[in-house]
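Engineer: Quick one: the structure is below, questions incoming.
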Amino acid sequence: MSFSISTFLSTLNFILGASLQPGDFTGFTFFIGSVSMLAATVFFLVQHGQVDKKFKDSMLVAALITGIAAVHYYYMRDQWAEGLGSPTELRYVDWILTVPLMVVEFALLTGVGMKKLFWASVVMLVTGYFGESGVTGALDAQTWGAISGAAYFYMAYEVGCLSIFGGPSGDVGNALASAKGKIPAAGRMLQWFVLVGWAIYPLGYMMGTDGWYTGLVSGLPLDMDIVYNIGDAINKIGFGMAVWSAARD
Ligand SMILES: *C/C=C(C)/C=C/C=C(C)/C=C/C1=C(C)CCCC1(C)C
């Protein structure tokens with residue numbers, strides 16, 4: 001057979017720039033990430049024209065989230081393919097732009113102000129970056145990770161993840177629990193993304209940084225970037241799909 005996977009990859013590499021080596025599974029997930037984020041962006045933009053007026057802003061924000069990610073994935077794939085290792089800076093720049101946009105989605109769906117969630121997301125990501133990059137030796141990776149985790153739990157509480165089980169909840173969660181109709185229904189779907197989908201990230205962090213937990217996860221056949229890439233696909237594309245599924249019909 002004249003077609004082979006390596007011909008395919010070298011053609012791809014010619015188009016894309018830096019070379020992904022055959023067998024580089026992590027690199028391949030960066031590539032799939034950039035393509036699927038781009039496809040999702042086109043889809044959300046097209047659907048933006050179709051949905052009811054009250055959902056238009058949410059659809060546009062969904063498209064912005066995947067669009068920003070598509071650009072970052074393009075460059076992350078490049079950095080990885082150049083052999084420069086895990087693209088920590090690009091990753092966190094992407095997150096510091098896209099996670100607040102997810103906060104905007106909650107604000108759009110509930111009408112509740114986003115100040116608390118915004119600042120919590122900044123703390124979560126900045127401390128996570130300190131831990132993962134090691135730019136500051138002030139605290140070790142697991143302590144930075146614990147602070148970041150606390151901010152994550154606060155966000156989960158605020159958006160009402162605990163109220164799914166009848167537990168306490170913050171302003172956004174209370175608004176979602178009491179309101180009726182399609183818009184809060186979309187918001188209640190997003191709670192599951194924060195509770196389950198976002199929990200993927202601390203797992204990736206534990207795989208990529210040293211600490212007491214290294215032994216717990218080091219036997220797993222996934223590396224940090226694969227876990228983050230799976231998390232992004234679920235949370236960025238899935239988040240938009242959830243909004244869209246509530247918005248259609
Ligand atoms: C599109 C990107 C998203 C939804 C990124 C979310 C990222 C997190 C929820 C990251 C959380 C982290 C912790 C809870 C502890 C360890 C450090 C982080 C930053 C990986």
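The values are calculated or read from the model by the stated rules, or taken from the named source; none is laboratory data. The structure displayed is predicted, hence computed values, not measured ones. Please note: Cβ atoms are built from the backbone with ideal geometry, for glycine as well, and neighbour counts cover all protein chains shown. For accessibility, only protein heavy atoms count, side chains too; no ligands or nucleic acids. Shrake-Rupley method; radii C 1.70, N 1.55, O 1.52, S 1.80 Å.
Engineer: Could you list the square roots of 5 times each eigenvalue of the Cα gyration tensor of the stretch 93-210, that is, the equivalent ellipsoid semi-axes, sorted largest first and rounded to whole Å?
Structural biologist: Details: eigenvalues 156, 36, 26 Å².
Gyration-tensor ellipsoid for the stretch 93-210: 28, 14, 11 Å.
Engineer: Where a ≥ b ≥ c are the square roots of the eigenvalues of the C-alpha gyration tensor, would you call the stretch 1-141 rounded, which needs a/c under 1.5, or, failing that, prolate if a/b is larger than b/c, or oblate? Can you show the working numbers first?
Structural biologist: Values: a/c = 4.00, a/b = 1.27, b/c = 3.14.
Oblate is the answer for the stretch 1-141, as a/c is 1.5 or above yet b/c matches or exceeds a/b.
Engineer: Using helices alone, what [θ] at 222 nm do you get for the chain, with -39,500 (n - 2.57) per DSSP H run of 4 or more residues, divided over all residues and rounded to the nearest 500?
Structural biologist: Details: 12 runs with 173 residues, N = 249.
Theoretical 222 nm ellipticity from helices: -22500 deg cm²/dmol.
Engineer: Percent relative contact order of the chain, based on C-alpha pairs within less than 8 angstrom and at least six residues apart?
Structural biologist: Values: 306 pairs, mean separation 48.6, N = 249.
Relative contact order for the chain comes out at 20 percent.
Engineer: Can you work out D for the chain in µm² s⁻¹ from Stokes-Einstein, where Rh is the Kirkwood radius over C-alpha pairs, the temperature is 10 °C and the viscosity is 1.306 mPa s? Write down the numbers at each step before the final one.
Structural biologist: Working: Rh = 19.1 Å.
Translational D for this selection: 83 µm²/s.
Engineer: How large, in percent, is the carbon and sulfur part of the accessible surface of the chain at a probe radius of 1.4 Å?
Structural biologist: Values: 8210 of 11830 Å².
For the chain, the apolar C and S fraction of the accessible surface comes to 69 percent.
Engineer: Got a sec? Which residues in the stretch 229-249 would a label at Val71 touch, if it sits 7 Å along Cα→Cβ and we count backbone N under 18 Å?
Structural biologist: Residues passing the 18 Å test: 236-237.
Engineer: Averaged per residue, what accessible area in Å² does the chain show with a 1.4 Å probe, protein chains only? Don't skip to the end; give the middle numbers.
Structural biologist: On the way: 11830 Å² over 249 residues.
With all protein chains present, the chain gives 47 Å² per residue.
Engineer: For the chain, take the longest principal axis of its alpha carbons; what is the angle in degrees between that and the long axis of helix 56-81, to the nearest 10 within 0 to 90?
Structural biologist: 20
Engineer: Where is the GNM fluctuation largest for the chain (alpha-carbon springs, 10 angstrom cutoff): Ser58, Ser148, Ser86?
Structural biologist: Ser86
Engineer: Helix 5-16: angle to the longest alpha-carbon principal axis of the chain, degrees 0 to 90, nearest 10?
Structural biologist: The two axes meet at around 70 degrees.
Engineer: Against the longest alpha carbon principal axis of the chain, how many degrees, from 0 to 90 and to the nearest 10, is the axis of helix 88-110 turned?
Structural biologist: Once rounded, the angle reads 20 degrees.
Engineer: Given the options Tyr92, Tyr152, Tyr73, state which has the largest fluctuation in a GNM of the chain using a 10 Å cut-off (strictly under) for Cα springs.
Structural biologist: Evaluated over the chain, the most mobile residue of the options is Tyr92.
Engineer: Filter Lys54/Lys180; Lys56/Lys180; Lys116/Lys182; Lys180/Lys236; Lys53/Lys180; Lys53/Lys182 down to the pairs with a C-alpha to C-alpha distance above 21 Å, please. Spell out each step's value before the answer.
Structural biologist: On the way: Lys54/Lys180 15 Å; Lys56/Lys180 19 Å; Lys116/Lys182 25 Å; Lys180/Lys236 25 Å; Lys53/Lys180 18 Å; Lys53/Lys182 13 Å.
Distance filter (> 21 Å) returns Lys116/Lys182; Lys180/Lys236.
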